[in-house]
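Q: Let me give you the structure first, and then I'll get to my questions.
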Amino acid sequence: MLTRRQFVACAALLAVSGWAGHTLITPAAAQSADQGASAFIQKLGNDAIATFSDKSLSRDQALQRFRKLLYAGFDVPYIGRWVLGRYWNSANEAQRSEYQKLFEQLIVNTYAERFIEYSGETFKIAGTSPAGESDTMVTTQIVRPSGPPINVSWRVRKTPSDYKIIDVVVENVSMGVTQRQEFASVVEQNGGRIDGLIQALRQKVGRAG
């Protein structure tokens, strides 16, 4: 049985966040960005629902589509760096490369099975608002066949070519911040060594060291 927060994490593909530099924008540009971000979230949600309501897909096909949706909606490499925090700078290239691969696989392993069990959830856009000087917060409601709707806020950033989700906030909690804290705790428990986190991720995704 999924908890409330686990369900929303599944519905959002991945609960992650990241922060970058600021860019000054005009009110007209901000309104355009709000509209674009809202349309982006609506399309991504519709695509996710269409994909995972298709019970004819094999598990491997569902995993492949999950990865495609993941990269369509989120800047996964950037998110991985942000979640690792200050420890990214102390990692060497080999550690960074393996960490990023394990981070992606952790996401897929954790949420794909729950997506495959899609059971009629829908969502609707409730509104948009500027977030800082360069982002848009898109507020949605996840509507379930039974139980009250769940409010989810998506922080969306305009990239040169598209939009990307950089944060999902559930019940005023950033899932990315939570994961960043968890990863930092694992690194600290291993004497500040990145290898300790990498080993823990290997175990979670079932890969040998």
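Q: Hey, can you tell me all the residues within region 84-122 that are hydrophobic (A, V, I, L, M, F, W, C) and either open to solvent by 60 Å² or more (accessible area, probe 1.4 Å) or modelled with pLDDT under 80 (or both)?
A: Ala94, Ile107, Val108, Ala112, Phe115, Ile116
Q: Considering region 78-93 alone, what residues qualify as being part of a helix (DSSP H, G or I), within 15 Å of Gly196 (Cα to Cα) and touching a residue at least 24 places away in the same chain (Cβ under 8 Å)?
A: Those that are part of a helix (DSSP H, G or I), within 15 Å of Gly196 (Cα to Cα) and touching a residue at least 24 places away in the same chain (Cβ under 8 Å): Leu84, Tyr87, Ser90.
Q: Which residues, taken from region 26-59, are more than 17 Å from the chain's Cα centre (by Cα), at pLDDT 80 or above and of a type in the set (Ser, Thr, Tyr)?
A: Correct list: Ser56, Ser58.
Q: When region 167-186 is examined, which residues are found to be assigned to a strand (DSSP E or B) and touching a Ser or Thr at 6+ places or on another chain (Cβ under 6 Å)?
A: Asp167, Val169, Ser174
Q: For the list (1) farther than 30 Å from Ser38 by Cα; (2) open to solvent by 50 Å² or more (accessible area, probe 1.4 Å), I need the number of the one condition that Ser161 fails.
A: (1)
Q: Restricting attention to region 123-155, and to residues there that are of a type in the set (Ser, Thr, Tyr) and not in a strand (DSSP E or B), which single residue is surrounded by the fewest Cβ atoms within 10 Å (Cβ to Cβ)?
A: Ranking the candidates gives Ser146 first.
Q: Restricting to region 187-209, and then to whatever is at pLDDT below 90 and in a loop (DSSP other than H, G, I, E, B), can you tell me which residue is surrounded by the most Cβ atoms within 10 Å (Cβ to Cβ)?
A: Once the filter is applied, the top-ranked residue is Arg207.
The values are calculated or read from the model by the stated rules, or taken from the named source; none is laboratory data. Note that the structure is a prediction, hence the values are computed from the model and not measured. Please note: Cβ atoms are built from the backbone with ideal geometry, for glycine as well, and neighbour counts cover all protein chains shown. Just so you know, the surface numbers come from the protein's heavy atoms only, side chains and all, with ligands and any DNA or RNA stripped out. Shrake-Rupley method; radii C 1.70, N 1.55, O 1.52, S 1.80 Å.
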